[in-house]
Structures are given as C-alpha cells and as structure tokens.
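Shown next, in structure tokens, is the structure this report addresses.
The values are calculated or read from the model by the stated rules, or taken from the named source; none is laboratory data. Just so you know, these numbers come straight off a predicted model, no measurement behind them. Cβ placement follows ideal geometry from the backbone for every residue including glycine, while neighbour counts extend to all protein chains displayed. Surface areas here come from the heavy atoms of the whole protein model, side chains and all, with no ligands, DNA or RNA. Shrake-Rupley method; radii C 1.70, N 1.55, O 1.52, S 1.80 Å.
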Amino acid sequence: MATSAEENEQQNQNPKTLNESINGENEIEIEEDEDYEEEEEEEVKPMSKESRLRAERDNLSALVNRLQKEKVSLRVHDLIIKGNTKTKDSVIEAEIEEILKKANSMQGLIQAAGIANARLRNLEIFESVDITLDAGPSELPGTTNVVISVVETKNPLTGDLGIYTKPEARSWSLEGSLKLKNLLGYADIWDGSVAYGWDQASEISAGIALPRFRGLKNPVTARAMLLSQDWLKFSSYKERMMGISLGLISTRNHNLAYNLTWRNLTDPTQMCSKAIRGQLGHSLLSALKYTFKIDMRDSPLRPTRGYAFASTSHIGGLSPDSRSLRFLRQDFDFRYAIPLGFCKSALNLGVSAGLIFPWGSGFRNMASPLPDRYYMGGHTSPVSTLAGTTTLLGFRTRGLGPSEQRRVIVEKPEGESTTDVPGRDIVGGDLAVTAFADLSFDLPLKLFRDAGIHGHIFACTGSLNKLTENEYKNLSFQKFKDSFRSSAGVGVIIPTKLLRVEVNYCYILKQLEHDHGKTGVQFSFSSPV
C-alpha cells in the first residue's frame, strides 16, 4: 500500500513524464487533472494567421533596417545551376560567375544578382530566370549558395515577316528572318534573313552569334551576305556585293569587326556621269571597322536628359590586291538632351561630322570609293538614333551634295536630231557636317500622353563637300559656309509596337541649285527600338 501511494503521488506531480515512460506491455490508464489538460492545450495552440503574418512582417522590417544601416558581410560559396537541359553550365557560369563572386556583402550580392539575371535574359534562350540565395555550409558562416533556376525556350525557332516603306525613296521592301536558338548549347543563335526591295535593295544573309564560346570573353560572330542595291534613280549605278563579316570584339562600348567583300558597280543605262564611270567594275573591300559608343540618355527613342557619343573609325585596303579599296574614314556623333521641366518637354541638340580620304601612293589625285562616301538627305529622325551625317529632314534620299551631269544621249529619229538631257548624278562628298535642334513636348490630350504620342519642333542644317582629286584646294572658309543647307518644321511622333511613325511638315530654309528639297508633309517609318 505504501508503494502504491508513492506512485500515485509521483503521477500527480508529473503526469506527462509518466505517460511517456509507459511501456506497451503494461496497460495502465492515467487520469490527468483538468487544469493540466487546459495548460497543455494552451501550449500547443498554433499561432493565428494574423499573428504569424505580423511576426513575419516584423522580421522582414528588421532585416531591411539592418541592410540599410549596416553592411552585412556575405560571400558566395557555390553556384548551383538548375533547369538547363541543353545549355552548357560553362555558358551560364561565364555570364554571371565573375560578377557574383566579386560581391562581399548582402547588399552587393542582391545588386549583382539583378545584373546577372538581366545578362542571362539577354542571351534570348531562356523563358524565365530565377536567382535565389540559400544558406551556405554550417561550418562556413557568412557564406551563401546562389541557386540559378532557368527555363529554356520551348520553341527554339522563331521568325519575323514584314513590309516596310521608305516614302522619301518611294520604295517598298518585304523582309523576313528566321532564328534558331541554342542549337549547340552554347547560347548560339543561327539566323537567316531575306529582304526584297521593289525598287532599291535586295539582300540574302546568314550568320551565327556565339556570346560565350569555350570560355572566350568576347562574343564570336560571323555573317555571310549577298547584297544588291539599285541607285539608278539617284546616282546611275547598281551595286552588287558578296562577302563575310567577322565580329572580333563586341562589348557595351566597343565594337571591332573585319569585312571582306567583293563589290561590283554597273551602269545598265550607259548614261552615268564621268565621275561614276571611272569607278565602275570590280573591287575588293578588306577593312577593319572600330566603333566606340556611349549612350547615357534616359531613352533612345525620346530622350529627355543625358548625352550620347559615338566615334567610328574605318580603314580599308588591308589586302595586297591592286583592286583593294584603300581609304580612311572617321565619323563623330554627339547628342545632348536638356529637360525643360514642363509637359515632359526636352531640348535635344546634336552635331555630327565625317571625313573620308584615300591613302597610298598618289592619294592626293585619287578619288574616294563611291559607295563609301557621304550622302545626305532622307527622313530618318536624327534624335532617336546616332544616325551620323546622313539625315537632313526635308530633303529626299541623296537629295543634296556634289553632283555631275549625266551623259547626254543623242538620237536621230527620221533624220531629225534630238537631244535628251537625263539629269544629274549625286556623286557624294568627302567632308560632311550636320547639326540639329529638336524641342519635344507632350500633347494636351491625356489619350495622346498615355499612348506616348508627342509633338516636336525642329531645325537642322548640313554641308557636304568634295575634297579628293585635289578639290580640297578649292574649299575656302566662305565656300564651306555657303555650302550649308537648312530646314525647319513641326511634327507628331506616333510610337507603336510594330513601328515608329513620324509625320512632319518641313519647310526648306535654304537649298542650292541642284538639290532636291521640298516643302510639305513628309512621313517616316522606322523600327520601334
């Protein structure tokens, strides 16, 4: 009896312990006090949903405050890649490993993860990219494992087809392209394109781009093309080109490419001017082209602040062949956008200049290659792109600059002599300078503002002169000053997903005798990006 009393006393003192120590061999029922049952229910009662959310919000706020106030040391221990069935791990690692492993804090790692995500998406081979930070090994405090989860594009083959118009040249073109992505698993993009112009140009080309091939830091690109351009309306010649282009360096600010092209100029009308007749036939273009570009504008389509600068150097004649075209060409472009603080208005200013000159023995008496000279005119907006020294609103394509009389054809029908004057050939220039000012502003209707439709007022001027074949001796400061043409106008810009439409009313302020400028409404269609 004494033993039983002691057992009952211990059971009342610690019922839970006894209950857990009971072996299944002895069936003993233990009646616990009601007060104890209520206490146990309170201990195991789960948190409410509101309490749990409040606790998580408090923890997140504490983490954010800590990240804002102090630097949290954290470094990457390992990269874990998931979801890539075709893409090589080395391709993904080459894009992101360096930038992620440079980060030594939580703040820096979050920023680096955002950049890495953008880089992977720019490869155009993933439908989605997710980067998460996981805890590193317990024996290595202050480390994290970066988990990259990707979903590869299900359909690697894409295509585009469209019809484009150039009202200033009165020409239409049908363009189509196909892209095959990630065929080899190196984020490679194979593409082929066909462009057929009713009046002017036709092109067939194919190329491959390898952004990260076997650890190379620079992308590898190659392209083969067959191009035909018809300039009979403007300069009395047709151009046929067949060649390849190799991309040697391609980064955000630098681009270096080598071009090897076999070119043939013909005149089926037999009416071209003397300057063009002297350059007809076959020639070889072996050239290096280097471009340095920096664009700090807030938008390439409608900049409201910032600046952009581009420098392009072109050297031709890197071949011992006697038919190799030897020339040096240098272009500079500068754009600057100034916000005015009302109606999203901004003043865009731009200056462009270019010079081409032959090199080699007797270069002073030589002419620069005809297709590589500067030609001015057209309706392309000088604001949205670094278009060089080619655009001058209000003038048609190749609508101004040095020109020569075409060959006069004399016919004698029925014994009478008649003379047909066929016009003039635009032969291009060696020194080109352009400048513009453009004031853009929102339109008063909210419907237009929401759609991105805006207006602008512009003024532009340009000069095109010949320097080769000893013509530089005849170019005085006064002649250079008098060679500037100018125009002004107002217009509306309508951006869409398919194309960018610009409707302008242009007024010709100054043009010379043989220029082709026209006051009136002009349309321009261009790519939306």
* Beta carbons within 10 angstrom, averaged per residue: use that to sort the peptides 256-266, 71-81, highest first. => 256-266, 71-81
* Full-stretch length increase - ALA222, ASN264 - with 0.36 nm per residue and alpha-carbon distance subtracted -> 12.9 nm
* Structure fact -> Quick note, the range 89-139: a/c under 1.5 would make it rounded; otherwise a/b > b/c is prolate and the rest oblate (a ≥ b ≥ c, C-alpha gyration tensor); here it is prolate
* Report, to the nearest whole %, how much of the accessible area of the range 64-152 belongs to carbon and sulfur atoms, 1.4 Å probe, protein only. => 46 percent
* What order, most packed first, do the peptides 441-451, 463-473 have when packing is the mean number of other Cβ atoms within 10 Å of each residue? -> 463-473, 441-451
* Structure fact -> The local net charge around ALA257, scoring Lys/Arg +1 and Asp/Glu -1 for residues other than ALA257 whose Cβ lies under 13 Å from its Cβ, equals +2
* Asked: Is the shape of the range 291-441 best called rounded, prolate or oblate, per the rule: a/c under 1.5 gives rounded, else a/b larger than b/c gives prolate, else oblate, with a ≥ b ≥ c the square roots of the Cα gyration tensor eigenvalues?
  -> oblate
* Low-density loop positions, chymotrypsin sites (Phe, Trp or Tyr not before Pro), the range 319-352 - DSSP coil, at most 16 other Cβ in 10 Å -> PHE342
* Asked: So what is the relative contact order of the range 448-529, in percent, for Cα pairs below 8 Å that sit 6 or more residues apart?
  -> 27 percent
* Loop-located trypsin sites (Lys or Arg not before Pro) in the range 191-254, at most 12 other Cβ atoms within 10 Å (DSSP) -> ARG214, LYS217, ARG252
* Taking only C-alpha pairs under 8 Å that are 6+ residues apart, what is the relative contact order of the range 486-529 in percent? -> 41 percent
* Asked: ³J(HN,Hα) across the range 329-334 via Karplus (A = 6.51, B = -1.76, C = 1.60, θ = phi - 60°), whole Hz, x for Gly/Pro?
  -> 9, 10, 10, 10, 9, 9
* Structure fact -> Expressed as a percent, the accessible surface of the range 237-347 that is carbon or sulfur, using a 1.4 Å probe and the full set of protein chains, is 63 percent
* To do: Would you mind working out the accessible area per residue for the range 289-410, using a 1.4 Å probe, and quoting it in Å²?
  => 44 Å²
* What is the Cα centroid distance between the range 260-300 and the range 338-392, reported in whole angstrom? -> 15 Å
* **Carbon/sulfur fraction of accessible area - the range 426-528, other protein chains in place, 1.4 Å, %** => 65 percent
* Structure fact -> Here the gain from full extension of SER311 to LYS102, 0.36 nm per residue of separation minus their alpha-carbon distance, amounts to 72.1 nm
